[in-house]
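> Here you go, one structure.
The values are calculated or read from the model by the stated rules, or taken from the named source; none is laboratory data. A quick note: this is a predicted structure, and the numbers were derived from the prediction, not measured. Positions of Cβ are generated from backbone atoms using ideal geometry, with glycine treated the same way; all protein chains shown enter the neighbour counts.
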Amino acid sequence: MSPERRNQRALVVSPRWGEQARRWLLARGVLDLTLRPGVVQRELHLPVQGDPGPELPPFPCRWESSTFVPFPSRAPRSFHDLAQVPEEYRQWLPRSYDVVGDIVVLRIPPPLAGQASRLGDALLRFVPGARLVAWDHGVAGPERKRRLEIVAGQGSLKTTHVENGLRLEVDLERAYFSPRLASEHARVAGLSRDGERVLDLFSGLAPFSLTLLSRLRHAASVAVDSNPGAIELARENASRARVSERFQAVCADAGEYLAAQAPAAYDRVIANLPHEAYKYAVQVGRVVKVGGQLHAYEIVPRGLRSRFEEALSAPGPEQGSWLLRDRRKVHGYSPREDLLGITLERTR
């Protein structure tokens, strides 16, 4: 059976101008990539969708209606296949993005800043169930909030995210949340023993605590964060998970909170502040019981040791003695940096 033919607007050029014409249409996002270009009487016909604007092409051409054959349908392998950006920019297309509920979050390299809406449109088409695409301009301020710009879709930055059997209400404007740590949330919960007392520092929405408490019926956790929005969301999610009786959320500076705690007060401590947690290492170590464990996350130049681990390994009476149980790359952070996860056990 021959493929269905389609009449559509075309940009007609001599083949010698074909590549320049293709790039010109791509730069304006109007080249129809679903249709195969045609050749009629030694002229190239390029399929066009939408309005290319008032600017005239800088090469000999004309506009007319033409007949095209669709390309054989195949599922796109990545959103790159759907992104209508000029060829010279394709080397900068992001390789990864985060999906939080029905929101897609991605970082856009500076050379692609002018193509943000086209990347957003491609992701809306590629990611199943996506409602909105947001450009992540980084985390800023003491409350660790992402600076997000909506580039495609509609609605608010509130969503429901499901991981490890939990339904978490997330508001990306109010509190930082990363879906990339879902396996770590489950891993720490799997290492924990029922009846433990846990301290979850820099907790955000407290997914570490909530995952752990949902699996262990007699454990208790205190989550500490300086962002009141994150603490409010953590309490709401604890109520939904029916663990509120064993969960305490405290809005406080981590250093001030640790200074007020008794030594060896917790069986397990989680410190997830990848750029700065090492500054609190000695304070954190002081509140871990002998035999208890500490989980720290840090962004480290590839091949180097965690500064958190180094701080607790330095000689001194306040550090205690520690056994390294695990050190691993959680995921890449940049071309030269990784997010490391370390698990240390206090032996004295």
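> Restricting attention to region 240-291, which residues are among the small types (Gly, Ala, Ser), surrounded by fewer than 16 Cβ atoms within 10 Å (Cβ to Cβ) and closer than 17 Å to residue 219 by Cβ?
244, 291
> Here is a follow-up. Being surrounded by fewer than 17 Cβ atoms within 10 Å (Cβ to Cβ) and among the hydroxyl-bearing types (Ser, Thr, Tyr) is true for just one of 226, 156, 221. Which residue is that?
Unique residue meeting the criteria: 156.
> With respect to residue 191, is the statement that it is in the same structural domain as residue 261 (by TED's automatic domain parsing) and buried (at least 24 other Cβ atoms within 10 Å of the Cβ) true?
Against the criterion (in the same structural domain as residue 261 (by TED's automatic domain parsing) and buried (at least 24 other Cβ atoms within 10 Å of the Cβ)), residue 191 does not qualify.
> In addition: For a quick check of your reading: which helices (runs of 4 or more DSSP H) sit entirely within region 105-224 and have at least 1 residues that are over 24 Å from residue 254 (Cβ atoms), aromatic (Phe, Trp, Tyr) and touching a residue at least 12 places away in the same chain (Cβ under 8 Å)?
116-126
> Under the condition of being at pLDDT 90 or above and of a type in the set (Phe, Trp, Tyr), which residue from region 44-97 is farthest from residue 19 (Cα to Cα)?
Applying the filter and picking the extreme gives 97.
> Which count do you get for residues in region 254-301 that are outside any loop (DSSP other than H, G, I, E, B), in contact with a strand residue (DSSP E or B) (Cβ under 9 Å, 6 or more places away or on another chain) and not acidic (Asp, Glu)?
The total comes to 28.
> Let me ask you something else. For region 131-140, indicate whether the set of residues that are of a type in the set (Gly, Ala, Ser), on the phi < 0 side of the Ramachandran plot and at pLDDT below 90 is non-empty.
yes
> Within region 302-329, can you find the residues that are touching a residue at least 24 places away in the same chain (Cβ under 8 Å), touching an Asp or Glu at 6+ places or on another chain (Cβ under 6 Å) and assigned to a strand (DSSP E or B)?
Across region 302-329, the qualifying residues are 323, 325.
> Further question on the same structure: Among the strands (runs of 3 or more DSSP E) confined wholly to region 1-101, which include 2 or more residues that are over 30 Å from residue 182 (Cβ atoms), in contact with a Gly (Cβ under 8 Å, 6 or more places away or on another chain) and in contact (Cβ under 8 Å) with a residue 60 or more places away in the chain?
Where strands (runs of 3 or more DSSP E) fall fully within region 1-101 and carry at least 2 residues being over 30 Å from residue 182 (Cβ atoms), in contact with a Gly (Cβ under 8 Å, 6 or more places away or on another chain) and in contact (Cβ under 8 Å) with a residue 60 or more places away in the chain, they are 62-70.
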